[in-house]
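Report on the structure given below.
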Amino acid sequence: MENELFTIDSSMVDWSRAQFALTAIYHWLFVPLTLGLAVIMGIMETIYYRTGRDFWKRTAQFWQRLFGINFAMGIATGIILEFEFGTNWSNYSFLVGDVFGAPLAIEGIVAFFMESTFVAVMFFGWKKVSRGFHLASTWLTGLGATISAWWILVANSWMQYPVGQEFNLDTMRNEMVSFVDVALSPVAIDKFCHTVISAWVLGAVFVVGVSSWYLLKRRHVEFARQSMKIGAIVGLVASVLAAVTGHHSAYTVGQTQPMKLAAMEALYNGGDDQSLTIFAAVNPFAQPDWKNEHEPPMRIAVPYALSFLATNDLHGYVPGINDIINGYDKSDGEYEVPLSEKMVRGSYALTAMKAYREAKRDGRNNELEVLASEFQENMPWMGYGYVKEAEQIVPYIPICFWSFRIMVGGGCLFILLFCAILYFLYRKKSPRWLFHTALWCIPVAYIVSECGWLVAEFGRQPWTIQDMLPTWVGVSALQSSSVMITFFLFLVLFTTMLAVEISIMCKQIKRGPEL
């Protein structure tokens with residue numbers, strides 16, 4: 001973690017980030033459908049349990065088959081994702097393994113075993129266990145997947161808001177001092193609620209879209225209408241909840257990661273009474289000149305909305321990129337020091353850490369207490385000791401800006417879709433254009449879901465751990481060529497897996513429910 005780590009090949013950092021992003025993007029294609037279908041098929045089997053109608057049993061079984069196909073693919077990509085922490089990000093893993101590894105270990109030991117146990121009963125226990133036990137197994141499978149998501153999101157949230165830990169100068173590692181603070185941080189709670197609820201939306205769009213295909217083909221009409229009704233109800237409720245949790249997530253981001261919020265808004269110079277940008281001509285292929293531009297061109301905005309989103313006050317102060325770099329007065333009365341001071345204090349922390357190690361090695365124990373005190377005083381800015389210029393701490397604005405608008409715009413589209421579906425189902429006469437729209441909303445839902453992760457992860461760059469560890473310090477000491485080779489191997493592997501899943505899913509859908 002000393003300054004000589006700057007000699008790491010920049011292409012190694014780029015390829016490591018690219019490989020991890022590739023794996024995460026493919027993995028996230030499978031996870032939200034797993035979480036979303038778990039709720040919908042649980043509701044369908046609950047109706048079967050209460051009514052005893054064989055129709056609902058066959059309906060639940062059909063969606064469970066699609067759930068199972070998707071579930072298997074998600075496991076394969078998820079395992080590879082966790083291995084990459086050790087192979088490509090060994091410096092990061094060494095530094096935070098005591099903290100970051102705990103939620104991942106719990107996820108593997110508790111949640112994964114829970115869902116893998118009950119998923120077997122769900123698929124093979126229809127004729128072997130009672131209806132009540134089978135229903136419990138179905139819900140517990142979904143609960144296990146949700147708990148698994150909780151612990152993974154706790155680990156991810158800690159990277160964005162590192163709490164409940166202290167840096168041990170003797171071991172050179174972050175060590176957990178409060179498991180509760182790590183597991184129940186406000187960022188973790190907000191991220192979990194918003195992520196899981198948005199997964200319910202995707203699952204609902206998938207069910208509505210597949211049901212629309214049956215209605216367009218005039219096949220399994222009753223099955224399709226009933227599935228569509230449940231999907232639309234779940235989707236509408238989840239969409240409204242996603243909007244609520246999204247607002248709260250934005251507030252938390254504004255308090256803990258103001259640079260991320262500024263990048264999402266292309267907000268170069270902040271202030272009071274800030275408007276929320278609906279549209280602006282932000283070049284998607286180049287970083288804007290945020291130092292000299294007042295705001296992006298052709299901007300259309302809602303007055304006061306950003307201040308309310310970020311501070312719960314219509315007149316609240318929201319810092320822009322230049323404010324964060326130059327320093328500003330925070331809403332709680334404290335002063336956010338400028339980047340230049342953070343860089344100096346970060347250098348003090350790194351220097352004190354190096355001197356502490358040398359003093360301990362040489363047996364100069366009388367110096368350790370003073371050096372440890374100096375390190376702790378400057379430790380909150382340790383990561384800035386690796387920063388050389390302001391451009392390094394500004395995320396790539398175009399991706400953050402446009403991904404956020406695609407995510408929000410897609411959420412609004414889905415609310416309209418679910419309302420229209422329920423309205424026409426109530427009238428018992430639905431136009432074909434609505435079914436075509438619902439069908440095409442399936443790929444849109446995946447794009448919207450991926451954009452949510454792009455906002456979350458690109459927005460915290462350049463930090464592997466917010467304010468503590470830049471990405472270029474966390475990588476392994478490998479040759480970039482080896483990571484490049486595995487990148488393309490994974491690209492071929494994951495693309496093949498995705499193609500196989502789509503092929504199997506399409507065959508199952510064409511086959512239809514066994515009614």
Requested in this report: Scan the range 389-401 for residues that are open to solvent by less than 70 Å² (accessible area, probe 1.4 Å) and part of a helix (DSSP H, G or I) and jot them down.
Outcome: Ala390, Gln392, Ile393, Ile397, Pro398, Ile399, Cys400, Phe401
Query raised in the report: Gly383 versus (1) touching a strand residue (DSSP E or B) at 6+ places or on another chain (Cβ under 8 Å); (2) outside any helix (DSSP H, G or I): which is the lone unmet condition?
Result: (2)
Report task. May I ask you to list pairs of residues, at least six apart or on different chains, whose Cβ atoms are under 6 Å apart, with the first in the range 437-454 being assigned to a helix (DSSP H, G or I) and the second being open to solvent by less than 30 Å² (accessible area, probe 1.4 Å) and of a type in the set (S, T, N, Q)? Result -> Ala438/Ser212; Leu439/Ser212; Cys451/Ser403; Leu454/Ser403
Report task. Go through the range 256-314 residue by residue and tally those that are under 17 Å from Pro398 (Cα atoms), in a strand (DSSP E or B) and of a type in the set (Val, Ile, Thr). Result -> 3
Report summary line: Of the residues in the range 228-257, those that are open to solvent by 30 Å² or more (accessible area, probe 1.4 Å) and either over 30 Å from Leu215 (Cα atoms) or small (Gly, Ala, Ser) (or both) come to Ala243, Val244, His247, His248, Tyr251, Gln255, Thr256
Query raised in the report: Which residues, counting only those in the range 233-276, are free of Cβ contacts under 8 Å to residues at least 40 places away in the same chain and among the β-branched types (Val, Ile, Thr)?
Result: Val237, Val244
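Here are some residues: Glu450, Glu389. Which one is among the acidic types (Asp, Glu) and more than 19 Å from the chain's Cα centre (by Cα)? Lay out the reasoning, then the answer.
Working: Glu450 fails: more than 19 Å from the chain's Cα centre (by Cα).
Exactly one residue qualifies, and that residue is Glu389.
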Report summary line: Taking the range 89-105 and keeping residues out of contact with any Lys or Arg (no Cβ under 9 Å at 6 or more places or on another chain), touching a residue at least 12 places away in the same chain (Cβ under 8 Å) and open to solvent by less than 50 Å² (accessible area, probe 1.4 Å) leaves Trp89, Ser90, Tyr92, Phe100, Ala102, Pro103, Leu104
Report summary line: The lone condition Asn378 fails out of (1) touching a Gly at 6+ places or on another chain (Cβ under 8 Å); (2) part of a loop (DSSP other than H, G, I, E, B) is (2)
Query raised in the report: Does the range 355-399 hold any residues that are β-branched (Val, Ile, Thr) and more than 24 Å from Arg460 (Cβ to Cβ), and which are they?
Result: Val370
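Take the residues in the range 363-376 that are surrounded by 14 or more Cβ atoms within 10 Å (Cβ to Cβ) and of a type in the set (D, E, K, R), then tell me which one is farthest from Asn326 (Cα to Cα). It would help to see each step written out before you state the result.
Residues of the range 363-376 that are surrounded by 14 or more Cβ atoms within 10 Å (Cβ to Cβ), as a first pass: 367-368, 371-372, 374-376.
Right, trim to of a type in the set (D, E, K, R) and you get 367, 374.
Numbers: Glu367: 35, Glu374: 24 Å.
If we take residues in the range 363-376 being surrounded by 14 or more Cβ atoms within 10 Å (Cβ to Cβ) and of a type in the set (D, E, K, R), then Glu367 is farthest from Asn326 (Cα to Cα).
Taking Arg50 as the residue in question, decide whether it is farther than 19 Å from Val121 by Cα, part of a helix (DSSP H, G or I), basic (Lys, Arg) and open to solvent by 50 Å² or more (accessible area, probe 1.4 Å).
Working: farther than 19 Å from Val121 by Cα: yes; part of a helix (DSSP H, G or I): yes; basic (Lys, Arg): yes; open to solvent by 50 Å² or more (accessible area, probe 1.4 Å): yes.
Criteria met by Arg50.
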Query raised in the report: Which of (1) more than 24 Å from the chain's Cα centre (by Cα); (2) under 25 Å from Ala456 (Cα atoms); (3) in a helix (DSSP H, G or I) is the odd one out, the single condition Phe112 does not satisfy?
Result: (1)
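Consider Tyr386 carefully, then state whether it is of a type outside the set (Gly, Ala, Ser), within 30 Å of Asp323 (Cα to Cα), in contact (Cβ under 8 Å) with a residue 12 or more places away in the chain and crowded, with 18+ Cβ neighbours inside 10 Å. Even if it seems obvious, please write down each step before you answer.
Numbers: of a type outside the set (Gly, Ala, Ser): yes; within 30 Å of Asp323 (Cα to Cα): yes; in contact (Cβ under 8 Å) with a residue 12 or more places away in the chain: yes; crowded, with 18+ Cβ neighbours inside 10 Å: yes.
Against the criterion (of a type outside the set (Gly, Ala, Ser), within 30 Å of Asp323 (Cα to Cα), in contact (Cβ under 8 Å) with a residue 12 or more places away in the chain and crowded, with 18+ Cβ neighbours inside 10 Å), Tyr386 qualifies.
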Query raised in the report: Do we have Leu493 as assigned to a helix (DSSP H, G or I), within 21 Å of Thr87 (Cα to Cα) and either open to solvent by 60 Å² or more (accessible area, probe 1.4 Å) or basic (Lys, Arg) (or both) here?
Result: yes
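Go through the residues of the range 363-371 one by one and say whether even a single one is among the basic types (Lys, Arg) and in a loop (DSSP other than H, G, I, E, B).
Taking the range 363-371 and keeping what is among the basic types (Lys, Arg), we get 364.
Next cut, in a loop (DSSP other than H, G, I, E, B) only: 364.
Within the range 363-371 (the criterion being among the basic types (Lys, Arg) and in a loop (DSSP other than H, G, I, E, B)), the answer is yes, since at least one residue qualifies.
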Query raised in the report: Applying the selection to the range 306-362, what residues are of a type in the set (A, V, I, L, M), within 24 Å of His247 (Cβ to Cβ) and open to solvent by 20 Å² or more (accessible area, probe 1.4 Å)?
Result: Leu309, Leu314
Report task. Kindly indicate whether any position in the range 56-79 is more than 21 Å from Val196 (Cβ to Cβ), among the polar types (S, T, N, Q) and crowded, with 17+ Cβ neighbours inside 10 Å. Result -> yes
Query raised in the report: Gln461 is checked against (1) open to solvent by less than 60 Å² (accessible area, probe 1.4 Å); (2) closer than 21 Å to Asp14 by Cβ; (3) in contact with a Phe, Trp or Tyr (Cβ under 6 Å, 6 or more places away or on another chain) and fails just one. What number does that condition carry?
Result: (3)
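Can you pull out every residue in the range 289-305 that is open to solvent by 90 Å² or more (accessible area, probe 1.4 Å) and closer than 16 Å to Thr277 by Cα? Reasoning before the result, please.
The initial filter retains those residues of the range 289-305 that are open to solvent by 90 Å² or more (accessible area, probe 1.4 Å), namely 291-292, 294, 298, 300, 304.
Result: His294, Met298, Ile300, Tyr304.
The values are calculated or read from the model by the stated rules, or taken from the named source; none is laboratory data. Remember, predicted model here, so these are calculated numbers, not experimental data. Ideal geometry is used to build each Cβ from the backbone, glycine not excepted, and the neighbour counts take in all protein chains shown. Quick note on the areas: whole protein, heavy atoms, side chains included, nothing else; ligands and nucleic acids left out. Shrake-Rupley method; radii C 1.70, N 1.55, O 1.52, S 1.80 Å.
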